[in-house]
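Reading through the structure tokens given below for one structure.
The values are calculated or read from the model by the stated rules, or taken from the named source; none is laboratory data. Quick caveat, the model's predicted, so the values are computed rather than measured. Because the Cβ atoms are built from the backbone with ideal geometry, glycine has one as well, and the counts that use them run over all protein chains shown.
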Ligand SMILES: Nc1ncnc2c1ncn2[C@@H]1O[C@H](COP(=O)(O)OP(=O)(O)OP(=O)(O)O)[C@@H](O)[C@H]1O
Ligand SMILES: [Mg+2]
């Protein structure tokens, strides 16, 4: 199930220009520039602590939750600079959704209400039965939960919880989906289902996926970006990064010499 | 070597059991004393009646129980919004100078003896009003309830995993809505427990009521009048020179113990129910 090579160059959804990010004095992301294509999967790989999560969080300004964190540079979503003061982070996060490393469904809401939490918590109507079914189907969870939509999400397995979190992210109809090691708490079967799901979702969404699993990056992504010590060491078509990297560091990493 | 270890283990286990026993003896004897002396007088008439003059048969603490509920209710109306609100604030943004100041004030207030809180309520409410009242008693109780409420709320809110907050913010839910509808909602079981414990504690207090709500021989539901309370009634029965009133003091004490006990049990159930499901 290898990703079909991208025949024609697709349009750019997010364009990152010379992005720097700090936690206090720690310089976590250093001058990274990267074009993220529309309706394709971009994988971020690299050794632990190299700044992948930090980079990802800058794409929907989740880094702002930490008072010590700050970012400089430009992140253009459809040409609009996210880091400029004019973009409202709340609106932005409805356009750029996120799925986290550990499944984090809301324990006080039912499975159904978790899917439409983006509406419910905002006091909006719009979370109707069709939305619930559509998103659960998109997340390949519908058949497993359709008979117990009122149950607690904690009664689901970890893999099911993670797919519920994906359904929840899809319900607010984002344009971009950021995933930070979404499979790290899942077993191989649940991981395989998640990868299939990512493959289906890229028809409609732009996906940025952080992963430590190189095979996963190779299987699911169209573009791969290799981060090393806060810098973007190399980025390119996934096939090229894994078979014919330009950089020595990339080659060492993808062939397992370190990391 | 092995023998010595096992002997030491045995000795320590024995010591622990002994310590538990020593701790339980006063508790058990206290319960026995209250139950054995209070139970005979604990009749429906006693729980539903109002005090009778010395010598008259009968008489009860019904109006005191009602008064206690009235004042605890009023006190909760004051203390819950303030205490829970302060706790949420402390947990969410309490790391600045304002948060430190509030925490300091709450800690100091928690250390103030309850009779001093009664004096404060006397000065602030009774003197301006010109007479004793349920309101004054409720103010004293509220002063007592706010610090533990704020503290417990803060702790329960802090227990809510940060990942839930992130999940909500990442859905485009504004920070204040996230605080209320995700973080506080998830901590609600714990906050309910804290409220019930604070109510139980306030219901058992006598000192702050002695010169705020005073007492009342009659049924009263008006907050601006002096009001009977179970605890002050027990106090008055107990310090009287009459045998029959002493017996009523024991029965009143038993009623109070049951009331506070039920509140504590409810608090435990609230905690188990919600928190058990809330975090895994
Ligand atoms: N909350 C934080 N406070 C201070 N420094 C942080 C914080 N989070 C991350 N860092 C630092 O920033 C750098 C990049 O961290 P980041 O989490 O982005 O790495 P990562 O590539 O996602 O690693 P991993 O693969 O282990 O998740 C690291 O040096 C890390 O120590
Ligand atoms: Mg990370």
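Run down A:24, A:46 and say which single residue is surrounded by 21 or more Cβ atoms within 10 Å (Cβ to Cβ), away from chain B (no Cβ under 14 Å) and over 15 Å from the mean Cα position of the chain (by Cα).
On the way: A:24 fails: surrounded by 21 or more Cβ atoms within 10 Å (Cβ to Cβ).
None of the other options fit; the residue is A:46.
Please verify whether the range B:142-155 includes one or more residues that are within 27 Å of residue B:60 (Cβ to Cβ) and either touching a strand residue (DSSP E or B) at 6+ places or on another chain (Cβ under 8 Å) or in contact (Cβ under 8 Å) with a residue 24 or more places away in the chain (or both).
First, the residues of the range B:142-155 that are within 27 Å of residue B:60 (Cβ to Cβ): B:144.
Next cut, either touching a strand residue (DSSP E or B) at 6+ places or on another chain (Cβ under 8 Å) or in contact (Cβ under 8 Å) with a residue 24 or more places away in the chain (or both) only: B:144.
Yes, the conditions are met somewhere in the range B:142-155.
Return yes when residue A:88 is more than 12 Å from ligand 1 (Cβ to nearest atom) and away from chain B (no Cβ under 14 Å) and no when it is not.
Details: more than 12 Å from ligand 1 (Cβ to nearest atom): yes; away from chain B (no Cβ under 14 Å): no.
The answer is no for residue A:88.
Per-residue answers, yes or no, for (1) more than 16 Å from ligand 2 (Cβ to nearest atom); (2) more than 17 Å from the chain's Cα centre (by Cα); (3) away from every other protein chain (no Cβ under 14 Å):
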residue: A:163; (1), (2), (3): yes, no, yes
residue: A:167; (1), (2), (3): yes, no, no
residue: A:200; (1), (2), (3): yes, no, yes
residue: A:208; (1), (2), (3): no, no, no
Looking only at the range A:57-72, how many residues end up being touching a strand residue (DSSP E or B) at 6+ places or on another chain (Cβ under 7 Å) and within 10 Å of chain B (Cβ to nearest Cβ)? 2
Can you find a residue in the range A:98-108 that is assigned to a strand (DSSP E or B) and more than 16 Å from ligand 2 (Cβ to nearest atom)? no
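Do any helices (runs of 4 or more DSSP H) entirely within the range B:1-95 hold 3 or more residues that are surrounded by fewer than 16 Cβ atoms within 10 Å (Cβ to Cβ) and at pLDDT below 95, and if so, which? Don't jump to the end; show me each part of the working.
Values: elements: B:2-38, B:44-48, B:62-93.
Because the criterion is at least 3 residues that are surrounded by fewer than 16 Cβ atoms within 10 Å (Cβ to Cβ) and at pLDDT below 95, the helices (runs of 4 or more DSSP H) in the range B:1-95 that meet it are B:2-38, B:44-48.
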Is it the case, given these coordinates, that residue B:121 is more than 29 Å from residue B:217 (Cβ to Cβ) and assigned by TED's automatic domain parsing to the domain that holds residue B:219? no
Looking at the range A:97-115, can you tell me whether even one residue there is more than 16 Å from ligand 1 (Cβ to nearest atom) and more than 13 Å from chain B (Cβ to nearest Cβ)? yes
What is the one condition in (1) out of contact with any helix residue (DSSP H, G or I) (no Cβ under 8 Å at 6 or more places or on another chain); (2) surrounded by 17 or more Cβ atoms within 10 Å (Cβ to Cβ); (3) touching a residue at least 40 places away in the same chain (Cβ under 8 Å) that residue B:185 does not satisfy? (3)
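I'd like to check something: does the range A:57-65 contain any residue that is buried (at least 20 other Cβ atoms within 10 Å of the Cβ) and either more than 16 Å from ligand 1 (Cβ to nearest atom) or assigned to a strand (DSSP E or B) (or both)? Give the steps one after another, and end with the answer.
Initial filter on the range A:57-65 (buried (at least 20 other Cβ atoms within 10 Å of the Cβ)): A:57-63.
Of the ones still in play, those that are also either more than 16 Å from ligand 1 (Cβ to nearest atom) or assigned to a strand (DSSP E or B) (or both) are none.
Checked the range A:57-65: no residue is buried (at least 20 other Cβ atoms within 10 Å of the Cβ) and either more than 16 Å from ligand 1 (Cβ to nearest atom) or assigned to a strand (DSSP E or B) (or both).
Take residue A:75 and decide whether it is outside any loop (DSSP other than H, G, I, E, B), more than 14 Å from chain B (Cβ to nearest Cβ), in contact with a helix residue (DSSP H, G or I) (Cβ under 9 Å, 6 or more places away or on another chain) and more than 9 Å from ligand 1 (Cβ to nearest atom).
Values: outside any loop (DSSP other than H, G, I, E, B): yes; more than 14 Å from chain B (Cβ to nearest Cβ): yes; in contact with a helix residue (DSSP H, G or I) (Cβ under 9 Å, 6 or more places away or on another chain): yes; more than 9 Å from ligand 1 (Cβ to nearest atom): yes.
Here the answer is yes, as residue A:75 does meet what is asked.
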